[in-house]
Amino acid sequence: MTSHGSENNLNMYFSDFFEVNPALIEEYGAFDLSLINDLPLFVDPFLLFNSEKPEYVALHDQIIAYVAFLRDISQEPGIHPGLLKSWFRFPEVKQNWFGYSQVGNGGSGLGAKFASALNDNLHTVFTDFGEEQVTQGSHLEKLCLIRGGVGRDNISDFTTNLIKEFLLDYTQTFAQQHIDDTLLADFAVKKVEFNYKTRTWISKTYRLPAFGDDFVLLTPKDILTKDDTWINKSEMVGNFQNIVQCIPNDQLRAQLSDYLVRMLPDDPTQKEFNEAVSRTILKHPEYIDYFIKQKEDTGDQASKVSELKVADTERLFIIQAKELALTINDESKFYKQPADTFEESYQKVMYLKQVIEHNDGYRFFYHKGEPIKRESDLQLLFKLTWHASPSSVDAEVNNGRGPVDFKISRGRKDSTLVEFKLAANTKLKQNLKHQVEVYKDANQTNKSIKVILYFSFSEYERVMRILDELELSEGKEIVLIDAQQYNKISASNVTDAQLDLPISSDTE
């Protein structure tokens, strides 16, 4: 067994904590998940449906069978609320460490809102569930196509719950083969298998990797995706006109086109057009099956696209994030406790700035020479700098005035707010003028740091103009971080395009 985690004394990933060579995890086909923070990956049920692996197809059939059961029992009168709760509601399977949580792996799970949406859809878009005439099969993703409030994380959570037995077996097998038994424990896991005869969920006991008082689940990489599931609402709306033209039913084509025209205002904006499309689909939900059929017909691309997205996530959040955290951790004085949370927060921000600007940390934000501009990436890196800190680090703190990125605290009397923004953010000026000051009042602190990341000289100039207009300046409360690529490589390799890189991704 390779004691991989002990070499650098900075445990961040499954391989570190459980002292297993990452190559073994790769060979097994699993994702080497972070045990510091959720990573933005999701289980995509379409990758099960479209797989060449019989065990994956069987898992998808298992999911469809359970939704068909829910459809049937939802039509029964007088069902006890406790039974409805047992059948329709599920906790988040937080042990796989995927999702949106910025600190740890906590999530809300599939509660009353999801249960209500599922029940409503079983009487609308799922009326022919299991007996579809247009598509090759049934798809759980229909849930997020027509109802608001049901997103990819809900679909992923529901899918994960319904394949939990497979994931538990998958993890237990790896653990017994490759992890020291002292790092494992026996866990009684609830809602593992559904008994259709008794209509009850069965609990089972597994020997699994133990992390604190809980267990950890491994997930195969080839059922994971990032950003969106293959069948998703944005494409259903965005490709509406092209898909309508391919519908063989000329009557439905005419109805969809006519209704859309009547819904559109004069000279519509893109937002108004999308809203009109959504209303049209709600009026004629038959369109959904034709959209899904188009996604089925191009399903051979799904695994390729997801594989690239997962590889990108590994590069960003495992390989480069580990390098960045190790660079920060190498500073011998970095983790000595400063006088208060403001000084500690400022120190962390400045070390992050140093690593990005002078220690090749800027590479974290680039792929194939193009910038990846997401505030969430910078927030995760900041979270990694708090390794071994005595302070409490709370993300997405919301005290009634909206969320703030981080609140660093040592008791009630010492707290500091830290907010991250991209220079390309269209609301940067508004944010600098109002947001953190409002948050200060709501969180009862007068200490805050605003961190702005820029990728080009034109972005830097824009930030400086905004600061000048607001009569603000760089200092301990406003820190600019230079993520430009051109000024960190050999001058002979600089191209004109690198002097002003294009704005992309998370700019809102």
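Do you know which residues across the range 345-374 are of a type in the set (Ser, Thr, Tyr) and either open to solvent by less than 10 Å² (accessible area, probe 1.4 Å) or touching a residue at least 40 places away in the same chain (Cβ under 8 Å) (or both)? Ser345, Tyr346, Tyr362, Tyr366, listed by residue number. Note on the range 182-192: residues that are over 14 Å from Phe215 (Cβ atoms) and at pLDDT 95 or above total 1. Here Lys142 meets each of (1) part of a loop (DSSP other than H, G, I, E, B); (2) modelled with pLDDT under 90 with one exception, condition (1). For the range 56-84, which positions are among the charged types (D, E, K, R) and within 26 Å of the chain's Cα centre (by Cα)? The one that is among the charged types (D, E, K, R) and within 26 Å of the chain's Cα centre (by Cα): Asp61. The number of residues in the range 68-96 that are part of a helix (DSSP H, G or I), of a type in the set (D, E, K, R) and over 30 Å from Glu307 (Cα atoms) comes to 3.
What do you reckon, is Asp468 open to solvent by 50 Å² or more (accessible area, probe 1.4 Å), over 19 Å from Gln379 (Cβ atoms) and either at pLDDT 80 or above or touching a strand residue (DSSP E or B) at 6+ places or on another chain (Cβ under 6 Å) (or both)? Yes, satisfied.
With the structure loaded, tell me whether Val305 is touching a strand residue (DSSP E or B) at 6+ places or on another chain (Cβ under 9 Å) and within 21 Å of Gln136 (Cβ to Cβ) or whether it fails that test. Judged against the criteria, Val305 is a match. Screening Thr313 on (1) surrounded by 17 or more Cβ atoms within 10 Å (Cβ to Cβ); (2) at pLDDT 85 or above shows it passes everything except condition (2). Among the residues of this structure, Phe174 does not count as one that is open to solvent by less than 40 Å² (accessible area, probe 1.4 Å), over 30 Å from His284 (Cα atoms) and either in a strand (DSSP E or B) or at pLDDT below 95 (or both).
Scanning the range 201-227 for residues that are of a type in the set (D, E, K, R) and assigned to a loop (DSSP other than H, G, I, E, B) gives Asp213, Lys226, Asp227.
Among the residues making up the range 276-309, those that are open to solvent by 80 Å² or more (accessible area, probe 1.4 Å) and over 30 Å from Leu48 (Cβ atoms) are Arg279, Lys283. Go through the residues of the range 52-67 one by one and say whether even a single one is at pLDDT 80 or above and part of a loop (DSSP other than H, G, I, E, B). Scanning the range 52-67 turns up at least one residue that is at pLDDT 80 or above and part of a loop (DSSP other than H, G, I, E, B). Among the candidates Ile155, Ile163, Ile179, the residue that is in contact (Cβ under 8 Å) with a residue 60 or more places away in the chain, under 19 Å from the mean Cα position of the chain (by Cα) and open to solvent by less than 30 Å² (accessible area, probe 1.4 Å) is uniquely Ile155.
Taken over the range 412-428, the criterion of being under 23 Å from Lys373 (Cβ atoms), buried (at least 20 other Cβ atoms within 10 Å of the Cβ) and of a type in the set (Val, Ile, Thr) is satisfied by Val418 alone.
Residues in the range 221-249 that are surrounded by fewer than 22 Cβ atoms within 10 Å (Cβ to Cβ) and either of a type in the set (Ser, Thr, Tyr) or farther than 30 Å from Tyr290 by Cα (or both): Ser234 only.
Okay, residues lined up against (1) part of a helix (DSSP H, G or I); (2) not basic (Lys, Arg):
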position	(1), (2)
Ile231	no, yes
Glu235	yes, yes
Asn242	yes, yes
Arg262	yes, no
Glu275	yes, yes
Ser278	yes, yes
Phe291	yes, yes
Gln294	yes, yes
Val310	yes, yes
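For the range 218-252, the set of residues classified as charged (D, E, K, R) and either closer than 29 Å to Glu307 by Cα or at pLDDT 90 or above (or both) consists of Lys221, Asp222, Lys226, Asp227, Asp228, Lys233, Glu235, listed by residue number.
The values are calculated or read from the model by the stated rules, or taken from the named source; none is laboratory data. Keep in mind that this is a model prediction, so the values were computed, not measured. All Cβ positions, even for glycine, are placed from backbone atoms using ideal geometry, and neighbour counts span all protein chains on display. Each accessible area value is taken on the protein alone, full model and side chains, heavy atoms only, with ligands, DNA and RNA left out. Shrake-Rupley method; radii C 1.70, N 1.55, O 1.52, S 1.80 Å.
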